[in-house]
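So the structure is just underneath, and the comments pick up after that.
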Amino acid sequence: GPKVAILGYPNVGKSSLVNRLSETRVAVVHERPGVTRDRHEVPCEWNGRRFTLIDTGGMDFLDDDPMAGSIREQAQAAMADADLGVLVVDAQAGARPGDAELADLLRRWHKPVIVAANKVDDVKDTSLALDFHRLGLGDPLPVSAAQGLGTGDLLDRVVELLPEGDAVDEDDDIIRLALIGRPNVGKSSLVNRFMNSERVIVSEVAGTTRDAIDLPLEVDGRRVIVVDTAGMRRQSKVTESVEYYTTLRSQRAVERADVALVICDAHDGVTAQDLRIADLAMREGCATALVLNKWDIAAMEESDLDHERAKVRNKLRLRPKVLTVSAKSGRNVERLLKEAIILGDRVSTRIPTPQLNRFISEVVQERQPPAKQGSRLRLLYMSQFETRPPRFAIQINSRNRVTRDYAYFIENRLRARYGMDGIPLIIDFNERG
Ligand code: GDP
């Protein structure tokens, strides 16, 4: 969804404003299964439009130097992600050099920017805000985050300037696929098989040879890019720490992928390192499955396969599937591609709000939410505000009623209901003010 960067000089009240705008006192309860973010992202909804506020407030340096490079860098990082900026200034302090510097950056950004003049206790009195006209970013909007004044007007303006909600990114249906795993498990052999499959069209784009880093394919009309194929064949020559190298390469690939297939050698079964690689992929937000390759020479019985599956279920909370394939014989290769597409679709799933709200009422019926000191957790409203990976927000009455057990219960029910084995989900619990 669209993102709004809340920027400004330290102590102008960015975080208070974010809290006001989202009406959230505390966001994010249980640690996220995936995706490390260095910024605080808070879901917000206004007039039926959903967007994410990027709160750069936590990054303020207690540094006296207003030009501290880090403020600028953090602003730029947030801007790179955002569709819209809100420059927060302190109307009581008046325009300061730091404001002008950020305004400069924002003017060159070519995306819409709103100036919010904060700490205006009487928003009808616009004189305090006028000083900020000279930032060259249009009419400043007077607000008071502390008192909750003017925030409705600000949100109206934000929503007005957001990019069209339904305008889907052209790249949205491309599935970026990473094949990762230890050396010699057969990753490059599989990629070769993909390219020779009848159902696959290898894109004619210049440079998409076997040596290319990214390999664009079309599988049954769907666009799939196998990322980072170049490193696949270098590994066997590595003499240093093979494990270190594998991890490093996997990390790089999964950062760029939506779907990760962790290729394993069926001879060895799923090893501890295979499990670590799968865990890494899911933490990076990839829809993940484990794939036992060399099935042609594996002396595995059905019961051995069950054993491997049970091992994976016990070790990995997100319960990724375990598939089998043979790059050599070609057996199951097309099925593997189909599974990759299914995983790609699931991680981009968008579940409509009415369905989610039915879902939470069923969850509550199935297991009563926890209570503390006579007051029970209530789940008020659920919506999804991001995909790849799916991220949900549940409005609740009280943040400290949420137990880890219950949060996991909700997550597991959601996973079961929508067939999301191996798909990282994020659920934020937001306390309604
Ligand atoms: P990578 O390092 O993961 O890219 O592995 P390679 O694709 O280079 O394969 C390593 C070795 O395993 C090569 O000798 C392949 O011929 C062999 N190999 C790959 N897939 C299979 C398979 O499905 N069955 C058998 N029997 N051998 C395979």
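Any chance you could run the full-extension gain for Arg313 through Thr353? It's 0.36 nm times the residue separation minus the Cα-Cα distance, nm to one decimal.
11.4 nm is the gain from fully extending Arg313 to Thr353.
Can you tell me which lysines have their Cα less than 18 Å from the Cα of Lys111? Leave out same-chain residues fewer than eight positions away.
By straight Cα distance, Lys111 reaches Lys3.
In the neighborhood of Val262, defined by Cβ-to-Cβ distances under 11 Å, what is the net charge if each Lys or Arg adds +1 and each Asp or Glu adds -1?
Cβ neighbours under 11 Å give a net charge of +2.
Can you give the net charge of the other residues whose Cβ lies under 9 Å from the Cβ of Asp296, counting K and R as +1 and D and E as -1?
+3
Give me the log10 of I(q) over I(0) for the chain at q = 0.07, 0.11, 0.12 Å⁻¹, as the Debye formula computes it from C-alpha points; what are the numbers?
-0.43, -0.94, -1.05
For the stretch 250-266, list residues with backbone N below 16 Å from a point placed 7 Å from the Cα of Val242 toward its Cβ?
Only 250, 263-266 fall inside the zone, counting backbone N under 16 Å.
Pop a pseudo-label 7 angstrom from the Cα along the beta-carbon direction at both Arg376 and Glu164 and give the gap in nm to one decimal.
Result for the modelled spin labels: 4.6 nm.
Would you mind computing, in nm to one decimal, how far apart the modelled labels at Arg222 and Glu101 are, each placed 7 Å from Cα along Cα→Cβ?
4.8 nm
Find the Rg to Rh ratio for the stretch 372-433, where Rh is the Kirkwood radius over alpha-carbon pairs and Rg uses the same atoms.
0.99
Specify the angular offset, from 0 to 90 degrees and rounded to the nearest 10, of the alpha carbon long axis of helix 353-366 from the longest principal axis of the alpha carbons in the chain.
Helix 353-366 sits at roughly 70 degrees to that axis.
Would you list which lysines come within 23 Å of Lys321, measuring only between C-alpha atoms, while excluding same-chain residues fewer than 8 positions from it?
In chain and number order, the partners are Lys187, Lys294, Lys311, Lys338.
If you line up the long axis of helix 69-81 against the longest principal axis of the chain, both from Cα atoms, how many degrees apart are they, to the nearest 10?
It works out to around 60 degrees.
In deg cm²/dmol, rounded to 500, what helix-only [θ] at 222 nm does the chain give when every DSSP H run of at least 4 residues adds -39500 (n - 2.57) and the total is split over its residues?
Taken over the chain, the calculation gives -10000 deg cm²/dmol.
5 Å is the cut-off here: which amide hydrogens, built 1.01 Å from N in the peptide plane, fall below it relative to Asp428, excluding neighbours closer than 5 in sequence?
Phe392, Ala393, Ile394
Values in this text are rule-based calculations from the coordinates and carry no lab data. Everything quoted here is computed from the prediction, not taken from an experiment. Note that we place each Cβ from the backbone using ideal geometry, even for glycine, and neighbour counts take in every protein chain shown.
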